[in-house]
Each structure stands twice: as structure tokens, then as C-alpha cells.
Amino acid sequence: MRHVGLIAGAAAAALVAAGAITYAVAEDHGPTAATPLAGSADAGFARDMAVHHQQAVEMSYIVRDRTEDPEVRRLAYDIAQTQANQRGMLLGWLDLWGLPKVSADAPMTWMGMGDMASGKDGSLMPGMATNTEMKKLGTLDGKQAEVFYLQLMTDHHKGGIHMAEGCVSACTVGVEKRLAQGMVDAQQSEIALMADMLKARGAQARP
């Protein structure tokens with residue numbers, strides 16, 4: 001499908017630009033700029049989105065091995081590559097700032113929403129799949145795996161967009177805010193694409 005091809009192109013462009021974005025953080029936070037604190041929105045978003053992205057990567061690799069459908073496999077590959085790359089940047093920024101990659105605070109505390117997700121059954125943040133759902137995905141094949149993956153990833157993107165919008169509003173590092181806005185734009189586009197893919201398979205996103 002043409003939409004998948006466009007997303008693949010966007011993913012490739014993001015990978016090419018990754019080095020420039022990483023170095024831009026140093027420019028945004030040079031000697032005269034204040035380094036984000038461990039409890040800042042910048043650090044909180046970097047830590048939480050790295051965890052959020054990791055599950056999307058895992059989910060995408062699971063479905064890649066559960067279906068032969070080229071459309072779903074291309075989408076899964078694009079999501080896995082893009083989010084793995086972005087995760088590397090987020091963790092790299094924490095290293096650059098000399099901040100820990102884990103926190104004793106609950107996820108999304110930086111958004112004032114530390115009590116929003118209970119963490120029950122592995123769902124640490126809104127939109128994240130539970131451990132049970134991840135295991136179920138690994139037992140499905142073909143169309144069933146495709147539909148469940150698209151439903152899980154739609155929920156995952158919705159939660160990710162919410163977090164990225166929080167960074168756009170509250171983060172102070174310019175390049176991180178721009179990356180967050182790019183996540184919003186790309187994931188909204190992918191949600192629309194996944195809605196079409198679900199419809200083609202006689203299904204729809206979960207309520």
C-alpha cells in the first residue's frame with residue numbers, strides 16, 4: 001500500500017537524521033544551558049518513553065514471526081526500527097545529562113499522573129499491553145495475529161501520543177520537544193493507517 005511506503009520513507013529519514021538529532025542536544029544544552037534535573041519533564045519523558053518504545057519493538061518483532069502478510073510485516077518493521085532508534089536517542093540523552101535511566105518515582109510522575117497506571121500485569125503506562133496480552137500475541141497466527149497486533153499497537157500509540165504531547169508542553173530541551181512532536185505526528189498517521197488495515201480485515205480498534 002502507498003501509505004505503508006510513505007511511512008517506510010519517513011522511518012528511513014528519521015534513522016538518517018538520528019545522529020544530527022543526538023548531537024543537537026549538546027548544542028541545545030551547551031555550557032551556558034542548565035542540565036535537566038532527574039525529576040524534570042525532560043528526564044521523565046526520556047526514561048518513560050524509552051520503556052514504552054521497548055514494548056512496541058518487542059510487539060513488532062513478535063508479529064513479524066506470526067504472519068506472512070507483507071503489509072503488516074512492513075509496518076511492524078518500520079515501527080520496530082523507528083522506535084528502537086528513538087529509544088537509543090532518549091537513553092543517550094540521559095547519559096549526556098548524567099542522569100539515571102531508572103527512577104524510584106512511578107511512571108508519568110513528571111506529568112503529574114504517577115497514579116494513572118497501576119502497573120498491574122506489566123502495563124506500566126497508559127496504552128501499554130499487559131504481560132497476558134503480549135503472551136497471547138505470541139500464540140496467534142495469520143489474520144488473528146495481525147488484528148490483535150494492530151489493536152494493541154493502536155492503543156500503544158494513543159498512550160504514546162499522550163506522553164509525547166506532555167513533553168511538547170513541559171520539556172525544556174528544544175530538540176527533545178521537536179522529537180516528541182514528531183512522534184505525535186507520525187503515530188497519528190500510523191493510527192489512521194492501522195484503522196484502514198483493521199477495516200480490511202473485518203475488525204476495528206478496541207473501544
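Computed packing ranks the peptides 93-104, 166-177, 126-137 as 166-177, 126-137, 93-104, most packed first, by mean other Cβ atoms within 10 Å.
Could I get the Rg over Rh figure for the stretch 76-207? Both from C-alpha atoms, Rh via Kirkwood, rounded to two places. Over the Cα atoms of the stretch 76-207, Rg/Rh equals 0.98.
Rounded, prolate or oblate: which one fits the stretch 32-134, using the alpha carbon gyration tensor with axes a ≥ b ≥ c (rounded when a/c is under 1.5, else prolate when a/b beats b/c, else oblate)? It comes out oblate by the Cα gyration axes. For the stretch 180-191, backbone phi angles converted through the Karplus equation (6.51, -1.76, 1.60; θ = phi - 60°) give residue-by-residue couplings of 4, 5, x, 4, 4, 4, 5, 6, 5, 5, 5, 4 Hz, Gly and Pro being listed as x.
Heavy-atom surface analysis with a 1.4 Å probe gives the stretch 72-175 a carbon and sulfur content of 53 percent of its accessible area. Ligands, DNA and RNA are left out, and with a 1.4 angstrom probe the accessible area of the stretch 53-207 is 46 Å² per residue.
The values are calculated or read from the model by the stated rules, or taken from the named source; none is laboratory data. For clarity, every value in this text was computed on a predicted model and none was experimentally measured. All Cβ positions, glycine included, derive from the backbone under ideal geometry; neighbour counts span all protein chains shown. Protein only, heavy atoms only, side chains kept; ligands, DNA and RNA dropped before computing areas. Shrake-Rupley method; radii C 1.70, N 1.55, O 1.52, S 1.80 Å.
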